[in-house]
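> So that we are looking at the same thing, I have put the structure below in structure tokens.
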Amino acid sequence: MSLTITPLSPALGAQISRNNPPLSHPVIRTHPVSGRKSLFVNEGFTTRINELEAAGSEAILALLFKHSTRPEFTLRWRWQENDVAFWDNRVTQHYAVDDYRPQRRVMHRATILGDAPY
């Protein structure tokens, strides 16, 4: 089995960037319901800490990314027939593992509009 990835055309890439400009969020956010503090960084999306020079930002983000994926902060869901899973994206990072083959995974996703991080 092989995969071909076609890069975005420059025009499409520019359009996506215009429609989805970079956002700035706090590194530590307060959960609006529980009031608890949590990290709000994700290796797939967080690119830098605005208040730091590039090298310092890179070093601290590397530390935070490594910290957030420690085993004691993770849950490995072992799917069973008729399972339903919910998670709070305000304090959860999701990483799907393709370990269900040859079974077929059917997923219906609903995203609830959230609040602005603070």
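Bear in mind that the values in this text are calculations on the coordinates, not laboratory data. Owing to the predicted nature of the structure, the values given are computational and were not obtained by experimental measurement. Here Cβ is always computed from backbone atoms with ideal geometry, including for glycine, and neighbour counts include all displayed protein chains.
> In nm, give the distance between the simple-model label positions of N82 and R48, each being 7 Å from the Cα along the Cα-to-Cβ direction.
Those two pseudo-labels are separated by 5.2 nm.
> To continue, here is another question. Can you work out the Karplus-derived ³J(HN,Hα) for every residue in region 102-114? Use 6.51 cos²θ - 1.76 cosθ + 1.60 with θ = phi - 60°, whole Hz, and x for glycine or proline.
Rounded to whole hertz, the list is x, 5, 9, 9, 10, 10, 10, 10, 10, 10, 8, 4, x.
> Ranked highest first by the average count of other Cβ atoms within 10 Å around their residues, in what order do 75-82, 45-52 fall?
Listed from highest to lowest mean packing, they are 45-52, 75-82.
> Could you calculate the contour length gain from A96 to L75, that is, 0.36 nm times the residue separation minus the distance between their Cα atoms, to one decimal place in nm? Mind dumping the intermediate values first?
Numbers: separation 21, 0.36 × 21 = 7.56 nm, distance 1.16 nm.
This chain segment gains 6.4 nm when fully extended.
> How far apart, in nm, are the 7 Å Cα→Cβ label points at R36 and A110?
Taking the simple label geometry, R36 and A110 are separated by 2.4 nm.
> If you stretched the chain out fully between Y118 and I16, how much longer would it get, using 0.36 nm times the residue separation minus the C-alpha to C-alpha distance?
Length difference between fully extended and current span is 34.1 nm.
> Over the C-alpha atoms of region 27-118, what are the Rg and the largest Cα-to-Cα span, Dmax, in Å?
16.1, 49
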